[in-house]
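These notes concern the structure reproduced below.
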Amino acid sequence: QAARDMDRFLLGNLVLRVRLSVVGGPLGEGMAALDSLPEPTEGKPQTASPAQTGPPQQVVDMAAIVDRSIGAAADTAQPSSTTASSIVLLENVVGGRADVDDDLAADMAVEGVKCGKIAKVVVHVASERELQQTGSPHSEVSIFLQYVDVASAKRALELFDGRWFAGRQVNAQLYDPDAYRVLTSADTMVYMP
């Protein structure tokens, strides 16, 4: 229903084309392939009237629901209480956002690979909202080491927790994979060896 309602919605001087799809489906011609797809069978898609100044109310309502769910997930993001995580959170590695440089993720990968194969390293610089929620002086910059297996993550936990780095004692802990995906989904400082 939502895809049908949003298809052919006028957005400025552009027409929004929305279709249900199968991930990896054949659309070799790119977006032009949408023109050759059959029209939906249930009624005519809605278009915005010239007097309409915003998206349809259904879109606004859905955006509000998604925004609330993302906010709630971020509010509950926390270290893992389970030992079955392949994600290691490192805090207090750097003093703050001013100490973050383009090489930090790669440098951490060099150290982290001593414990096992790393899938990804993410440097997360907390937003003002996150800082207000946590209240921790060490949570401005968090470094996540995502290992390919749990055993490597456990070795990294033993290596990093309590270790001194540039005059700061590092705090390491396993981190919940779902909370990790939510928290780091928009981060751009990512290193993938």
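The values are calculated or read from the model by the stated rules, or taken from the named source; none is laboratory data. This is a predicted model, so every value here is computed, not measured. Note: ideal-geometry Cβ built from the backbone for every residue, glycine included; neighbour counts use all protein chains shown. All accessible areas refer to the heavy atoms of the entire protein, side chains included, with ligands and DNA or RNA removed. Shrake-Rupley method; radii C 1.70, N 1.55, O 1.52, S 1.80 Å.
Quick notes
- Prolate/oblate/rounded call for region 136-193, Cα gyration tensor, a/c under 1.5 rounded: oblate
- When all protein chains stay in place and ligands, DNA and RNA are ignored, the 1.4 Å accessible-area order of R181, R4, largest first, is R181, R4.
- Cα→Cβ-extended label distance, 7 Å offset, between V125 and D178, nm: 3.0
- Available extension along the chain between F165 and V148 is 3.7 nm, counting 0.36 nm per residue and deducting the alpha carbon span.
- Cut-off 12 Å between beta-carbons: net charge of the residues surrounding Y180, Lys and Arg +1, Asp and Glu -1: -1
- The residues of region 86-193 present an accessible area of 52 Å² per residue when probed at 1.4 Å with all protein chains retained.
- Prolate/oblate/rounded call for region 91-182, Cα gyration tensor, a/c under 1.5 rounded: prolate
- Other residues whose C-beta falls under 14 angstrom from the C-beta of A119 contribute a net charge of +2, scoring Lys and Arg +1 and Asp and Glu -1.
- Accessible area of S185 in the full protein assembly, 1.4 Å probe (Å², nearest 10): 100
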